[in-house]
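Okay, structure first, notes after.
The values are calculated or read from the model by the stated rules, or taken from the named source; none is laboratory data. None of these values were measured; they are calculated from a predicted model. Here Cβ is always computed from backbone atoms with ideal geometry, including for glycine, and neighbour counts include all displayed protein chains. What goes into the accessible areas is simple: the full protein's heavy atoms, side chains included, and nothing from ligands, DNA or RNA. Shrake-Rupley method; radii C 1.70, N 1.55, O 1.52, S 1.80 Å.
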Amino acid sequence: MDFFNYWVVIALMMTGLYIVMAQQNLVKKLLGLNIFQTAIFILYISVAKVLGGTAPIYTESATLYSNPLPHVLILTAIVVGIATMALALALVVRIHGAYGSIEDDEIRDRSKQ
Amino acid sequence: MIVTQALDVVLLLLLVMTAVAIARVKDLFATVMLSGIYGLLSASFFVLMDAVDVAFTEASVGAGIFPLLMLAVLSFVGRYEADSKRRVALPVFLLTLVSGAVLLLATTQMPAFGGEDTPAQQHVAVRYIEDSPQEIGIPNMVTSVLASYRGFDTLGEVLVIFTATIGVVVVLLGVVQPGKARSLPADEDMADHKVLRIVGKMLIPLILLFALYVQFHGDYGPGGGFQAGVIFATGIILYAMLFGLSNAQRVLPMPLLRGLTALGVMIYGSVGVAGLLAGGNFLDYSVLASDPVSGQHLGILLIELGVGVTVASSMVLIFYAFSLTTSSDGSVER
């Protein structure tokens, strides 16, 4: 049980990596990238957890808190992630405009012509 | 403790199942819906891990804005994947299996989950937990670290969001031929959906009010500029979807949003410069007021405001850019 969270992180990461490498559709690739990214979020947040601790908001009654630092890193990473994801999606829209397709192999074939 | 661990296992297994389903389903519309579920599941998991601020953000981004943007793109590029002609799946599958196995092996070297004395809980974490309630004077340590101890880092993050938004606007709207007026999407698209419109009308003011609460209560409970900005943007985007883009633009026109996106970054930077002028370091808030703790309060309030303004207007601006592009070329599938 000690490493269960980390195993799940690896399973999710590999699923994301598989989608990015094996799928031809660009939107699907981005969804895979999103899964990979969330796996890293889960890794950081799992590392921050202290069993028996509480959320890092000071109260009189609590003495044991989970680590606030990874929370900060991941909180900002989520919002930065959506902004950069939007940029990637914008590029997908433009690629569709230029090639009429968002399938990786079709784009490669058409750019060779 | 047992309940927490059981929930932990259930949520994580559900996450894996959702991820595998995303990999297998060919209908992109279904995968986008699945990734919304994925976002909500991971937000629930974050609550379980005591990361309430992160859960807030993930719920509104992962289950809210991300699927919306994806749907806007799908309406433009089509709903179904093409059947892949090239057969590369098997070697790639083996490769991921191998690298997964190597990583699994590496986890046995890691300190056990949830320990009090693991390396991650040493060093600065102790200082943040023990000293920040007195030093910064606010109970939420995540806000203290985000806005004050690591304020420089957060400034960088806000700049990245700002830059990415400029990128989206330039990539999507930068190529319009001058003189060719863009036709706005029909505002009456959603006119038939009376229930949606009425429920939306009731919900939107509450969403916006809640965003303001999250913004200004971030010192004392979970919340802050990032979360509030995203929630506020969700309210405006919901309005734009239900009542049409041109109505939404009457409330928040594009030029205003562009200004606001830059204004937020400027507020943040100016607080840093104010610290310099008052004789301290860049982004040192202690010198902003007569005593250090109220200086910290003032500084955090201002920079959280800057973050909130930039994040909210960036998200709305990105949504505008996508819906203008995907609807004005007449290729919207309905």
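Couple of notes before you dig in:
- Residue in region A:89-100 that is at the interface with chain B (Cβ under 7 Å from one of its Cβ atoms), open to solvent by less than 40 Å² (accessible area, probe 1.4 Å), out of contact with any strand residue (DSSP E or B) (no Cβ under 9 Å at 6 or more places or on another chain) and closer than 16 Å to B:Gly39 by Cα present: no
- Set A:Gly81, A:Gly16, A:Gly53: member being in contact with a strand residue (DSSP E or B) (Cβ under 7 Å, 6 or more places away or on another chain) and under 29 Å from B:Leu104 (Cβ atoms): A:Gly53
- Within region B:1-48, considering residues that are in contact with a Phe, Trp or Tyr (Cβ under 8 Å, 6 or more places away or on another chain), facing chain A (nearest Cβ under 7 Å) and β-branched (Val, Ile, Thr), the one least open to solvent (accessible area, probe 1.4 Å): B:Ile22
- Entirely in region B:239-331, the helices (runs of 4 or more DSSP H) that have 3 or more residues that are out of contact with any Phe, Trp or Tyr (no Cβ under 9 Å at 6 or more places or on another chain) and surrounded by fewer than 21 Cβ atoms within 10 Å (Cβ to Cβ): B:254-277, B:292-328
Yes or no, residue by residue, for (1) modelled with pLDDT of 80 or more; (2) more than 28 Å from B:Leu276 (Cα to Cα):
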| residue | (1), (2) |
| --- | --- |
| B:Ser84 | no, yes |
| B:Leu94 | yes, yes |
| B:Gln109 | yes, yes |
| B:Ala112 | yes, yes |
| B:Thr163 | yes, no |
| B:Ser183 | no, yes |
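- Qualifying residue in region B:69-86 (condition: facing another protein chain (nearest Cβ under 7 Å), within 30 Å of B:Gly221 (Cα to Cα) and open to solvent by 10 Å² or more (accessible area, probe 1.4 Å)): no
- The combined condition, being in contact with a Ser or Thr (Cβ under 6 Å, 6 or more places away or on another chain) and either within 7 Å of another protein chain (Cβ to nearest Cβ) or crowded, with 16+ Cβ neighbours inside 10 Å (or both), is not fulfilled by A:Ile82.
- Tallying residues that are closer than 14 Å to B:Met49 by Cβ, more than 7 Å from every other protein chain (Cβ to nearest Cβ) and open to solvent by less than 30 Å² (accessible area, probe 1.4 Å) within region A:50-79 yields 1.
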